[in-house]
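So the structure is just underneath, and the comments pick up after that.
The values are calculated or read from the model by the stated rules, or taken from the named source; none is laboratory data. Model, not experiment: these values are computed from the prediction. Glycine also receives a Cβ, built like all others from the backbone with ideal geometry; neighbour counts cover every protein chain displayed. Protein only, heavy atoms only, side chains kept; ligands, DNA and RNA dropped before computing areas. Shrake-Rupley method; radii C 1.70, N 1.55, O 1.52, S 1.80 Å.
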Amino acid sequence: MNRFLTAVSAAAVMLSAAAASAQDFRALAQTDLQAARDELRANHPAAVIPGAAGDTFRSWIDGGLADAQSRVGQVNSGDAHAYLMRYYAAGFRDSNISITPTYEGLGPYFGISWPGIATGWRNGRYEVTYVHPGVRNAPRIGDVVVSCNLTPIEEYARAKLDRWEGNLDTEAGRVTSAPYLLWNRNNPFVSGLPSTCEFQRGRSRPRAVDLRPVPVTPGVLETAYRATVYMPPATPLNIETVDGRPWVHVHSFADSAGWDAFNSLVEGQAAALRGPQGFVLDLRAAAGSSAYTSTARGYGLANRIWTPEFTVSRQPAAGEITYRATRGNRDWYAETLGRMQGDPRFVQEAGPVIQQTQEIVAAFDAALASGQQTFTLPGRAAVADTGAANPVQGPVVVLVDAGCSGGCLDTLDLLTRLPNVRIAGSTTATDSIFIEPTVERLPSNYSDLSYGHKAWTSRQRGNNQPFTPAQGLTYTGNPSDETAVRAWVGTLFQ
């Protein structure tokens, strides 16, 4: 399924805490919240398409607005503004709805204070994953956090992290936000550094530990986070040989990842990838976006390895796509069509996509003229088996984790249909059936709202359903220990 992305983002806005007063940020937050609500109400398909997938949207769009507006008085900085925008967007429980800063934000390694301890989400628990050298009376790595500030840890984590740092209703949200459990990230809406937490080692009784701030020196929080959560290498696309078999690295779907050179590398090593020894396709942390379709990146990779003749009959049928007939959604498609037609390379390589987009614009015009709220178009139909032989002789292990999102999930929809392919690692992120993002700048100019403007109501993978490796294919060790990960993956080929 194509995921068109707009190219409407303007130049980055550089913002400092001194750029406006606290009162200004409160006013900006109030205006941006209302504008986001109005845009979603006017154009998001979940507002008018019935079904369970849209229930949270319909209950949160106004209820969540009131919740967020009740917190506006605490907005005292650009960071606080960004946090409140994130909170409102995350409350929809739809990873395709987000409100993100237009300037360089906090980043994953930011904190203003910490106790010298990082925690990770391991086996359904918060465990200590990193202890800074010199921290006195500290828990040990592997100790389980039982409570903080006399609050059971699940309740504490929900208040501290949920919606602010991640979606704790998902495994992926737990994993990526877990390091922040004990950190102060300058979020005025939640508690900062806890004063006391209880840690349990094995079957022993929990032990209370008083936590004291440790200096935040350059690089120390990055070290702690990287010791907890897998982070992609500087070169996200590459092929290397590990234990005598190719290891294909795809850790990004972004345009800037270097796809032209990587695709040439894949084509040059296609014979080795198809050999009887098998290969690893590493999709950990494979996030990012492309100008028109990140899914096409993954499908293009599969076609280069398995050949289009073999994959075409195994690609999931699109089924029916439901569009909300609004002027705003129609204009998005018309503008996207104009960009496609103005891109010579896209014209050369993606003529059918241009034709499809022209048909969608025409359908919008017809629906608007007749006063319809929605209309439905058939997607790509299933293709009969061509009889082409599988060119890949060996087994394939596809390695995933919580960072596999967006186009990565669509790519897995195809890969899981190919023979001798096994999904291994840990549970991926999720995405809703409301896809293909519109991006709108909010009035403050400090935030962009992004949301899916059409509904893939017949998608075979359920709404907000992740990929979870089967028993025996789940990695339970330290995800940041690359040596251990590779040794474990090697056992899957034995």
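Points to keep in mind about this one:
- One entry in [x] 31.4, 131; [y] 23.6, 71; [z] 40.5, 127 is Rg and Dmax of the Cα atoms in Å calculated from the shown coordinates; its label is [y].
- The chain - percent relative contact order, Cα under 8 Å, separation 6 or more: 20 percent
- Cβ crowding within 10 Å averaged over residues, with 392-398, 311-317 ranked highest first: 392-398, 311-317
- Heavy-atom surface of segment 344-494, accessible at 1.4 Å and reported per residue (Å²): 43 Å²
- When shorter helices are ignored and each DSSP H run of at least 4 residues is given -39500 (n - 2.57), the per-residue value for the chain at 222 nm works out to -10000 deg cm²/dmol.
- Around THR102: net Lys/Arg minus Asp/Glu count, Cβ-Cβ under 15 Å: -3
- Computed from backbone phi, the HN-Hα couplings of segment 176-183 come to 6, 9, 4, x, 8, 3, 10, 9 Hz, rounded to whole numbers (Karplus: 6.51 cos²θ - 1.76 cosθ + 1.60, θ = phi - 60°; Gly and Pro given as x).
- Computed about the Cα centre, the dipole magnitude for segment 301-363 is approximately 120 debye when only Lys and Arg (+1) and Asp and Glu (-1) carry charge, each at its Cβ.
- Other-chain or far-sequence residues with amide H under 5 Å of THR457's (modelled H): THR322
- Between segment 31-68 and segment 364-384, the Cα center-to-center distance that results, in Å: 23 Å
- Tensor-based shape of segment 436-494 (alpha-carbon gyration tensor, a/c under 1.5 rounded, otherwise prolate or oblate): oblate
- Using a simple spin-label model with pseudo-atoms 7 Å out from Cα toward Cβ, GLU155 and THR474 lie 2.8 nm apart.
- Of interest is the spacing of the C-alpha centroids, which for segment 443-494 and segment 119-163 amounts to 23 Å.
- Distant-in-sequence amide H partners of VAL242 (H built 1.01 Å from N, under 5 Å): TRP247
- Between amide H atoms placed 1.01 Å from N, distances below 5 Å from SER95 occur with SER432, all of them 5 or more places distant or on a separate chain.
- Taking the average, over residues, of other Cβ atoms within 10 Å as the packing measure, peptides 171-177, 206-212, 255-261 rank 171-177, 206-212, 255-261 from highest down.
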